[in-house]
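What follows draws every value from the coordinates through simple rules; no lab data is involved. All figures in this text were calculated on a predicted structure; none of them were measured in a lab. No Cβ is skipped: glycine too gets one built from the backbone with ideal geometry, and neighbour counts run over all protein chains shown.
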Amino acid sequence: MPIDEHLAFDTTSVELHLHWLTLRYGIEVRLLIADLRSRYGDQKGDRIRLSRYISSDAQAIDTLRHEYAHAVAELKHRSKAGHGRLWRRLATEMGARPRSCGQGPLLAVPLLEPACTACGHKHTPIARRSRRARCRACRSSRLDWRPVVTTRFS
């Protein structure tokens, strides 16, 4: 996992926790820091992604434990029950809070401004793209999502 000086959490402590979990439970996963704008992390197969916008080490480690519990439930126990009884037991055993979503804000999530490529209408900036979004003016689904660039003058 590459070190990024713009992260609010320490990637080394997250990697150490993952190493400990791997030794304890025997399931190896790939850890990625991703541009997840509306969630703390996710897990699919042997891949765990953590949001680059997580605001603290404790939040990052709790999210890692949460997602690793999903990986162990799926890969070791063949469970697809999501936040079921097995997952709750594993999450508690790993030290994660057994709940389905994180608490606290994600830091500095950049906004995206959708602009219609058909009519040129610009819409209100939002944090996350929507696949079903349509232009309010012409109802076209051809939207161009650009990051909002802000400038401060002192």
Note to self: Among SER56, PRO98, ALA115, which residue has its Cα furthest toward the positive end of the charge dipole of the chain, with +1 on Lys/Arg Cβ and -1 on Asp/Glu Cβ?
What the structure shows: ALA115
Checklist line | Most mobile listed residue (ARG39, ARG78, ARG89) in the chain, GNM with C-alpha springs under 10 Å | finding: ARG78
Next item on the list: Neighbouring Cβ atoms within 10 Å as the yardstick, rank TRP87, TRP20, TRP145 fewest first.
Entry: TRP20, TRP145, TRP87
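Return the percentage of antiparallel bridges among DSSP beta bridges fully within the chain, rounded to the nearest 5 %.
For the chain, the DSSP antiparallel bridge percentage is about 70.
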Notebook entry, point to check: What do you get when you divide the Cα radius of gyration of the chain by 2.2 N^0.38 Å, with N the number of residues?
Noted result: 1.26
Checklist line | Inverse mean reciprocal Cα-Cα distance (Kirkwood Rh) of segment 1-59, Å | finding: 12.0
Margin query: Sort VAL109, VAL14 by Cβ crowding within 10 Å, fewest neighbours at the top.
Written below: VAL109, VAL14
Check: Whole-Hz Karplus ³J(HN,Hα) for segment 69-79, in order, using 6.51 cos²θ - 1.76 cosθ + 1.60 and θ = phi - 60°, x for Gly and Pro?
Finding: 4, 4, 4, 5, 4, 6, 7, 9, 10, 6, 8
Next item on the list: Sort HIS121, HIS77, HIS17 so the one with the fewest other Cβ atoms within 10 Å of its own Cβ comes first.
Entry: HIS77, HIS121, HIS17
Checklist line | Cβ charges +1 (Lys, Arg) and -1 (Asp, Glu), total dipole of segment 11-94, debye | finding: 380
Item checked: Amide H within-cut-off set for ARG47, under 5 Å, with H built and near neighbours excluded -> ARG30
Check: With θ set to phi - 60° and the Karplus curve 6.51 cos²θ - 1.76 cosθ + 1.60, what are the ³J(HN,Hα) couplings of segment 47-59 in order, to the nearest whole Hz, using x for Gly and Pro?
Finding: 10, 10, 10, 10, 6, 5, 9, 4, 8, 7, 4, 4, 5
Item checked: Percent breakdown of C-alpha pair distances by 5 Å bin, ordered from the shortest bin, for segment 11-94 -> 3, 16, 28, 27, 17, 7, 1
Note to self: Using Cα-Cα distances under 8 Å and only pairs 6 or more residues apart, what relative contact order does segment 110-154 have, in percent?
What the structure shows: 44
Item checked: Cα-based shape type of segment 110-154, given that a ≥ b ≥ c are square roots of the gyration tensor eigenvalues and the cut on a/c is 1.5 -> prolate
Note to self: By the 4.7 Å beta carbon criterion, which cysteine residues of the chain come out unpaired?
What the structure shows: CYS101
